[in-house]
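Please read the structure below before turning to the comments.
None of the figures in this text is laboratory data; all of them are computed from the coordinates on show. Model, not experiment: these values are computed from the prediction. All Cβ positions, glycine included, derive from the backbone under ideal geometry; neighbour counts span all protein chains shown.
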Amino acid sequence: MRNALVIRHVAFEDLGTLAPALGRHGYRLRYLEPGALGGAAGLQAALLVILGGPIGACDDARYPWLAEEAALLKRRIDGGRPTLGICLGAQLIARALGAKVYAAESPEIGYAPIELTPAGRASALRHLGSPATPVLHWHGDTFDLPERAVLLASTAVCANQAFSIDDRVLGLQFHPEFEAASLERWLIGHTVELGLAGVAPGSLRDQARRLGPALERQAARLWTDWLEGLDR
């Protein structure tokens, strides 16, 4: 089996719908916590996944290990190694490649569709396209598009929602991995952020009930297509 190394910044933000897809494609999963990177392991893993978290991608003064994650990402990407970043993970990829990461004009929290570019419609993200499947957004920061990156998706709030690099790197600002069954853990873990943003937990419960099943079905197709593309 191949190794998939997963950097998980908070326990409740895990691989979700991506985990069974990785298992079907012959990956053995290994979670790492913040500050516990093994440099060699991170470079040698067949796939590196960087998950989300409620901190800034450039907040090295408070979280010095962010610089280590960014350096690892740059080395992997420069070496053409398959890498996936979700939310904070996508922001860290952008940072590693020299792009600016900064606060968005307003937080984007809740289910909403993404608008795919022509490149996005030709990618695995097409499963979230027409008819549009609302995806879960949960972020306050955004980033400029890194050099060499191809833009795949946008929203009105954040122009750079998804990008790819050489079909080996995928950065997603939104959360296609999210499973509605884990919502209560997210609501507890992000209670301060929700309060500051003025988002009522009840509205997210309603959205997850109505829209969560479709996202989980379509995300499973997305992950299958993307992983098969890596195999090719």
Worksheet item: Which residue, T191, T83, T117, has the most motion in a Gaussian network model of the chain that connects Cα atoms within less than 10 Å?
Response: T191
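Would you kindly state how much longer the chain becomes between A11 and E147 on full extension, computed as 0.36 nm times their sequence separation minus their alpha carbon distance, in nm to one decimal?
On the way: separation 136, 0.36 × 136 = 48.96 nm, distance 3.17 nm.
Contour length minus Cα-Cα distance gives 45.8 nm.
Please tell me the relative contact order of the chain in percent, rounded to the nearest whole number, where contacts are Cα pairs under 8 Å and at least six residues apart. Spell out each step's value before the answer.
Values: 440 pairs, mean separation 47.2, N = 232.
Across the chain, relative contact order equals 20 percent.
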Worksheet item: Which value results when the Cα radius of gyration for the stretch 132-219 is divided by 2.2 N^0.38 Å?
Response: 1.19
Worksheet item: Under a Cβ-Cβ cut-off of 14 Å, what is the net charge of the residues other than H25 that fall near it, where Lys and Arg count +1 and Asp and Glu count -1?
Response: +2
Worksheet item: Where both residues lie in the stretch 46-196, what percent of DSSP beta bridges are antiparallel, nearest 5?
Response: 70 percent
Discussion item. Among Q161, V150, L136, which residue has its Cα furthest toward the positive end of the charge dipole of the chain, with +1 on Lys/Arg Cβ and -1 on Asp/Glu Cβ?
Written reply: V150
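Using the alpha carbon gyration tensor of the chain, what are the three equivalent-ellipsoid semi-axes (square root of 5 times each eigenvalue), largest first, in whole Å? Display every interim value, and only then the final one.
Values: eigenvalues 113, 84, 64 Å².
Here the semi-axes work out to 24, 21, 18 Å.
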Worksheet item: Sorted by mean Cβ packing within 10 Å, highest first, what order do the peptides 89-96, 224-231 take?
Response: 89-96, 224-231
Fill in: Spin-label zone in the stretch 194-223 - amide nitrogen under 16 Å from a point set 7 Å from the Cα of A104 along the C-beta vector
194-200, 204
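Under 12 Å from the Cβ of R232, count the other residues' Cβ atoms, weight Lys and Arg +1, Asp and Glu -1, and hand me the total. Working shown, then result.
Details: positive: R168; negative: D167, D225, E228, D231.
Value of the local net charge: -3.
Among residues other than E177 whose Cβ falls under 14 Å from its Cβ, what is the net charge (Lys/Arg +1, Asp/Glu -1)? Each step should come with its number before you reach the end.
Values: positive: R8, R185, R217, R221; negative: E13, D14, E179, E216.
With Lys, Arg at +1 and Asp, Glu at -1, the neighbours total 0.
Assign unit charges at the C-beta atoms only (+1 for Lys and Arg, -1 for Asp and Glu), then state the dipole size of the stretch 162-202 relative to its Cα centre in Debye, rounded to the nearest 20. Don't skip to the end; give the middle numbers.
Details: 2 positive and 6 negative charges, 24 e Å.
So the magnitude is around 120 debye.
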Practice prompt. Taking the dipole about the Cα centre of the stretch 94-232, with the C-beta of Lys and Arg at +1 and of Asp and Glu at -1, give me whichever of H175, G198, A220 is farthest to the positive side.
Written response: A220
